[in-house]
Every structure is written in structure tokens, then in C-alpha cells.
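One structure is given below, encoded as C-alpha cells.
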Amino acid sequence: MSGKRVLTGRYFMMGNVACAEGAIAAGCEFAAGYPITPATEIANRLAERLPQVGGAFFQMEDEISAIAAVIGASWTGRKSMTVTSGPGISLMLENIGFAIGVETPCVIVNVQRGAPTTGMPTVGIQGDMVQARRGSHGDYEIIALCPSSPQEMFEHTIVAFNDAEKYRTPVFILSDAFLGHMREEVIIPEAEKIKTEYRKIPAEGIPPSEIKGFLDEEVAPMPIFGKGFKAHVTSSCHDEYGRRNLIDISALDHFIKKLSHKILKHKEEIIIVEKDYEGAEIVLVSYGAVARAAKEAALRARKEGLPVGTLRLITVWPFPKEEIERMARQARWVIVLENNLGQIYPYIKAEAARFSEVSFIPPKMIGQLHDPEEILTTIREMIK
Amino acid sequence: MNEWVHPLHRFKRPTVVHTTFCPGCGDGMIAQAILRAIDDLGMDLDDFIFVSGIGCAAWIPSPLFNADVLHTTHGRPIAFAFGIKMGLPEKKVMVISGDGDLVAIGGNHLIHNARRNIEMVVICVNNGIYGMTGGQAAPTTPMGIQTTTTPYGTVENTFNISQLVKAAGASFVACWTTAHPRQLTNSIKKAIQKKGFAFIEVFSQCPIQFGRKTGVGSAIQMLEDYKKRSISVQEAGTLSEEELKGKIVVGELVDIEKPELVEEIKKMKQRASGEKE
């Protein structure tokens, strides 16, 4: 294998490997993690490939230190990431909140696995969807992307790095064991065709005490370490200059709202959905691996002359509520498909139920992908 | 007008007008020892990245030191410092935090980075108590002491932090008390120059949450107590475990050369990219 960042070509590649290649193509220099099924292939590939391009993967003592090291490395100006699964995310949550609080770009890949606690490591479930949004304490906004194929494991990892850099925030890739271990065609484009972003940093010559490096809804320049910015970085409540303020409620209000507004203000640029529901009365809403079954079900339904369309959420967070509303105004029936007990369903229902009838279909057994034929049976009964 | 300026004043962040330390706290003495060591070596604060956790000692560099400072979550500063050192290997990385932060909640990161022998300075301020939260027992609180969470006296054995870090594989370990400011400064100088994991434990008085509540007394009484209980590494070598009970073994416990992580990583990258070492 060569020391090139972008391995341009056409491959039969595993989703997890494609994710690692996406990270390297996006300019990742530092990765840290702890072994966990079903995410290990990403770590293995990064451990092999990053040193060839001047970076490195570090196996830490636990997931807590993995995310901490990633944040530390990001503050030195390096694009950084960690890869794990649900139990690892549970351990990382406090420091993910830290990354949000001090506005640290980084990418967190969660190859989701089955059930709460140690569960069933080799089975894909979309069980951590709300955890990504609400798992760390306090109010915050997060960006999360849900790939549906190995090709998207590659592409979305690049999008995740770009969003992280643009908005100075952690970005989740919410994959699962099915996608992680799925092998499909992956096309890696030429390096020039891959767009990469890099965070803004303060202009030279500004006295360090005058640098406003935090809490700007338009994203403050990041006073990265080692450049003489004399940055004071604290996750405790602080102002635009990074000065700790643990006394004024107005400072707290400012701290919480600015962090959230920074993401919400740019929702339109961040949110990506895939729409195929023109003229449809029934719309299947899904994301991730399940979207593959939804697409197939819609295809078969249309062949039978049934008016079925799809809406796929690529960014699940920030939640694309306007897109849901637009879809629901047109549809008579909205069917939400998830490989869980209904995690995003309440959010979709909250937006769609005013305009259409909303229902939820889990797979026959949680941990299976939906059978398109069963989706079709439900649709046929619905429109009887 | 008074024209006198403290010789270390230039190291203070201009926006800081006061410290958060209680009267009699040892943290100010440790801040001075660190800054004197840096000054004596002819270094500048821009040569350093400071990292701290949660607790009183974590507020020694944050926001006081006019440098890049990362004030992190509880127990994790060494793990954050790992990423910083890997990102900026040419800079000195110094972690300053307390015993609760580094040894209780963060103990795993302490021993693993000592094992890795990654080049960084870790200064562990051991006041034997959780000061900031109001005097709860720590893994360093001596047996039998009444604290807010041990109203009938502590019943747990304590950690010998310096011995722990020595056993974990650090290449430099020293232990002093705030009654030894000059010796402490000298050890910090050595630690900064050490190519490896350099750990310094400093016994430091907390007259408010420890001294007053346990009856050990005022800051001065605590410093006198430290002097009385301190015994050199050499002298300690001649004593039995029973005779060492209640003593503080001060001095440099470890000063050795061994493979250092940042250097090893550099070599590994050269191997991976096909360059010659």
C-alpha cells in the first residue's frame, strides 16, 4: 500500500475500511481509540495507513482517554477522530460535552451494535440515535450523519470532517455493524475532486488578550495551541475571550445559547436528505442501513402501481424538521422505518402528525434488516 | 506610587487580578516554584502547553499562567495532554492537578502514561483531601481522619502516589512538600528537561478543608508538621516499613533513561513510510 492520502480507484471494500480511507482523504492526522466490535476494522486500517502519511493511530487505555486525546490533538491544529461502538460512546459522553463546550472539531464514528449494555456486538442496530443527540449532560446541538452504504461510509466521513472544521464541533457518523462489515463497490475519486475544509484561526498580530476565540454564532476563529495565542480554554462557563465566569447567570445563558445557535443558525447548510416522493401518497421515512430496504419496498410498490415514495435522512441531527413537514403536507400516510423500538419516530411524528397519518414499523426482529416484502404487505393493508 | 513588581509578574495572564486560593493554601507556593523553574531555565511560557483537570490545584495554571492552557474534565488532564504532546512534540507539556484528579478518578491515565514514558511533566498537588467540594476523603487521606464523607473516620488504606508512579514505569519521580520550595524548584527544572514521563508529587497544605477540620491546625502548623515528618530517600532506605509509617519520603526517587514514546512514534512513522531511521 502506498503513502498516498487518497487511494483513487474502484474497490470491493468493507464499510469500515471505506470509513478509514474517507478520514485519511479528508486530512485526518490523529486518531485514538480502544478495541471494540464492530468498529475495530476502522482502527486497524487507520493504524496501518495513518503512519504512512505522517499521522498515527493510538490505542489508549480506555474510550475516555481516546476522546480526550482526540480533543487535545485537535487543539494543536490536527484533524482528529475516534472510532467506537455504543459502550465506548457511553464512556466518552462527558468529554464529548467538553468538545462541544470548548468548540473542538473532531469526528466520532459509532458503528452501532445490539442492545443496551454489552448486548450483542456483531449485530447492527440503530440503538444510539438519541444518545448521540442527548447523551452528554446539558443542552447542546450535535451534527450526526447516517451512511447507508460502504460508498457513503467513505463520503460521509469526509463530510463529517468538513462540518467539524467549519462549525468547530464534534460530528458523529452513526453507522452500524451491518454497514461496517458490508462489502460493496467503493469508488474513491481523484484527490483534486475531494473538497476539504480547515478551521479558521485568529489573524496574526492581534494581541492575545484581544482574541475572541469562542462563542460566536458565525463560528469564532480557533486559537489553536503552539502559535502564541495564549489561549485559555476551559469548559467551565466562559465568555468570548475564554475567560471563566462562574458567577453571572447572564454569562451562563450566553454560553448555552451561543453554542446551540451556532449549529441551528447553519441548519440549512448542514442538513442533507434524499427525497424521492413526488406524487406519492405514502412516504417511507428511514435512514442508515434500513433505507436500503425502504428503497427496495418503494420500488416494488411502484411496480404494482402503488403511490409510494421515500425520504431518507442523511443528517439526522440537527433534526430536519422543515423537510419532514414539507413531506408530510403532501403525503397521506407516513411510515417510519427504524431498526430499533422507535427512536427518531417521536421526532418525525411531532412534525408530521398534523398533516398525515404517521406509523412506525420496526423489523420483524430487532437486529434484522426490514424485509421489503413485509413493508409492502403493511402498505397494501394500509390503503385497502 | 509603588513601582515594585514581582519578578515573575510577566508570567501572569494580564486579565487575572486575583487567585482563587484560600488564605494559607499551598497552591501559590507551587505556582511560584513552577514559574521560578521556568525562569531559571531561561524558558518562556510559549514553550509550554499547560493542562489541568478539576480541583483547586487545577486552577494554578488556569487562568493564571499567560500561556496556552487547557482546563479539562475531572481526572482526564493527562489523557488530553497525550493528544497535545503528539500534536506538538516540540513543545513542553505540563499537567498540574490534584491527588483526587490524577490518582482517584484519573488513576488509569496516570499509570498508563507513566508506562508509556511519554515526555511530559506531571505535577500532582497532594493535599490529602477534596478541597474544592468541601473536604471529602481522598485515596490519600490518612486512616482514621474525620472528613465530611467519613464522619466516623476514614477506614481505607491510602495510596503512596510516588511509589505507584515509580512502579508504573516513569523515568523521573520526585516527591517534596511545600516546606521544601527550593528543592521542589530544582526537581521541576530536572523534570522539564527530562526526556520521558516526569512526575512530581508535592504534599501541600489545605488549612481550610484539611487542617481546620482534622485538627492538624493552621497553614504554618501544617508546614511544620511536613518538616517533622519528612525523611530523605537515602535515610528511608535504612528503615523498615513500620518505622516509615507516617513519614513523607522526600527527594528524587527515580531518574533513569528508557525509551520515550514520542521518539518511538517518530521511528515507527519512518518505518511505515519507508524512510530510513
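Would you mind computing, in nm to one decimal, how far apart the modelled labels at B:GLU235 and B:ARG182 are, each placed 7 Å from Cα along Cα→Cβ?
Simple spin-label model gives 1.7 nm for this pair.
Rounded if a/c is under 1.5, else prolate if a/b beats b/c, else oblate: with a ≥ b ≥ c from the C-alpha gyration tensor eigenvalues square-rooted, which is segment A:22-178?
Rounded is the answer for segment A:22-178, as its axis ratio a/c remains below 1.5.
Which ordering of B:THR20, A:THR76, B:THR15, A:THR104 is given by a fewest-first count of other beta-carbon atoms within 10 Å?
The order, fewest Cβ neighbours first, is B:THR15, B:THR20, A:THR76, A:THR104.
How many Cβ atoms of partner chains, on average, are near each residue of A:56-68 if near means within 10 Å of its Cβ?
Across A:56-68, the average partner-chain Cβ count within 10 Å equals 6.
List the relative contact order of segment B:126-208 as a percent without decimals, with contacts defined as Cα pairs under 8 Å and 6+ residues apart.
27
For chain A, what is the mean residue ellipticity at 222 nm derived from helices alone (per DSSP H run of n ≥ 4: -39500 (n - 2.57); sum divided by total residues; nearest 500 deg cm²/dmol)?
My calculation for chain A gives -11000 deg cm²/dmol from helical runs alone.
At a Förster distance of 25 Å, what's the computed FRET efficiency of B:LEU8 paired with A:SER209, Cβ-Cβ distance as r, to 0.05?
That pair, B:LEU8 with A:SER209, gives E of 0.85.
Between A:LEU7 and A:ASP62, how high is the FRET efficiency from 1/(1 + (r/R0)^6) when r is the Cβ-Cβ distance and R₀ = 35 Å? Nearest 0.05.
Using R0 = 35 Å, I get an efficiency of 0.65.
How large is the dipole of chain A about the Cα centre if only Lys and Arg carry +1 and Asp and Glu carry -1, each at its Cβ, rounded to the nearest 20 debye?
200
Using a 7 Å offset from Cα along Cα-Cβ at A:LEU246, what residues in segment A:217-236 end up with backbone N under 20 Å from the label point?
In segment A:217-236, the label zone of A:LEU246 (backbone N under 20 Å from the point 7 Å along Cα→Cβ) covers A:232-236.
Could you state the angle between the C-alpha long axis of helix B:77-87 and the longest principal axis of the C-alpha atoms of chain B, as a value from 0 to 90 degrees rounded to the nearest 10?
Result, in degrees: 20.
With +1 on each Lys and Arg Cβ and -1 on each Asp and Glu Cβ, and nothing else charged, work out how big the dipole of segment A:248-384 is about its Cα centre, in Debye to the nearest 20.
With Lys and Arg at +1 and Asp and Glu at -1, about 100 debye.
Please work out how much length the chain gains when fully extended from B:SER218 to B:GLU90, using 0.36 nm per residue of separation minus the C-alpha to C-alpha distance, in nm with one decimal.
Computed gain between B:SER218 and B:GLU90 is 41.8 nm.
Would you work out if segment A:1-78 is rounded, prolate or oblate? Take a ≥ b ≥ c from the square roots of the eigenvalues of the alpha-carbon gyration tensor; rounded if a/c is under 1.5, else prolate when a/b is larger than b/c, oblate otherwise.
Here segment A:1-78 falls in the oblate category.
Calculate the mean, over all residues of peptide A:234-246, of how many other protein chain Cβ atoms lie within 10 angstrom of the residue's Cβ.
Mean inter-chain Cβ contacts per residue within 10 Å come to 3.
List the pairs from A:LYS193/A:LYS295; A:LYS79/B:LYS195; B:LYS195/B:LYS269 whose alpha-carbon separation is above 21 Å, in the order I gave them.
Listed pairs above 21 Å: A:LYS193/A:LYS295; A:LYS79/B:LYS195.
Any idea what angle helix A:63-74 forms with the longest principal axis of chain A, computed on alpha-carbon atoms, 0 to 90 degrees, nearest 10?
60
In terms of modelled amide H atoms, which long-range or inter-chain residues lie less than 5 Å from the amide H of A:VAL336?
Result for A:VAL336 returns A:VAL285, A:SER359, A:PHE360, A:ILE361.
Determine the distance separating the Cα centre of segment B:169-197 from the Cα centre of segment B:61-91; give it in Å without decimals.
19
In whole angstrom, note down how far apart the Cα centers of segment A:28-60 and segment A:225-289 are.
27
I'd like the FRET efficiency for A:LEU341 and A:ARG183, computed as 1/(1 + (r/R0)^6) with the beta carbon distance as r and R0 of 30 Å, rounded to 0.05.
0.55
Is it possible to state the helix-based mean residue ellipticity at 222 nm for chain B, with each DSSP H run of 4+ residues giving -39500 (n - 2.57), the sum divided by total residues, to the nearest 500 deg cm²/dmol? What is it?
-9000 deg cm²/dmol, from helical runs alone.
As I understand it, the value is the acute angle between the Cα axis of helix A:150-167 and the longest principal axis of the Cα atoms of chain A; what does it come to in degrees, rounded to 10?
40
How many angstrom lie between the C-alpha centres of segment B:199-222 and segment A:301-317?
When both Cα centres are located, 68 Å separates them.
What ³J(HN,Hα) values, in whole Hz, does the Karplus curve 6.51 cos²θ - 1.76 cosθ + 1.60 give for segment A:222-227 when θ = phi - 60°, with x put for Gly and Pro?
8, x, 4, 6, x, 10
Using the number of other C-beta atoms within 10 angstrom as an exposure proxy, rank B:THR238, A:THR82, B:THR185 with the fewest first.
Going from least to most buried by this count: B:THR238, B:THR185, A:THR82.
Dipole of the protein assembly as shown, Cα-centred, from +1 at each Lys and Arg C-beta and -1 at each Asp and Glu C-beta, to the nearest 20 debye?
The calculated dipole for the protein assembly as shown is roughly 280 debye.
With respect to the cross-link table entries A:LYS4/A:LYS227; B:LYS12/B:LYS227; A:LYS230/A:LYS258, which display a Cα-Cα separation exceeding 25 Å?
Listed pairs above 25 Å: A:LYS4/A:LYS227; B:LYS12/B:LYS227.
Could you put B:ASP68, A:ASP163, A:ASP276 in order, starting from the residue whose Cβ has the fewest other Cβ atoms within 10 Å?
Result, fewest neighbours first: A:ASP276, A:ASP163, B:ASP68.
Loop-only chymotrypsin sites (Phe, Trp or Tyr not before Pro) in segment A:121-172, please: DSSP not H, G, I, E or B, and at most 14 other Cβ atoms within 10 Å.
none
How would segment A:38-126 be classified by its alpha-carbon gyration tensor: rounded, prolate or oblate, with rounded meaning a/c under 1.5 and the a/b versus b/c comparison settling the rest?
It is oblate, given that a/c is not under 1.5 and a/b is not larger than b/c.
Taken together, the values in this text are just the output of simple stated rules run on the coordinates, not laboratory data. Note that the coordinates shown come from a computational prediction; the quantities given were computed from them, not determined experimentally. Methodologically, a virtual Cβ is constructed for each residue, glycine included, from the backbone with ideal geometry; neighbour enumeration extends over all protein chains shown.
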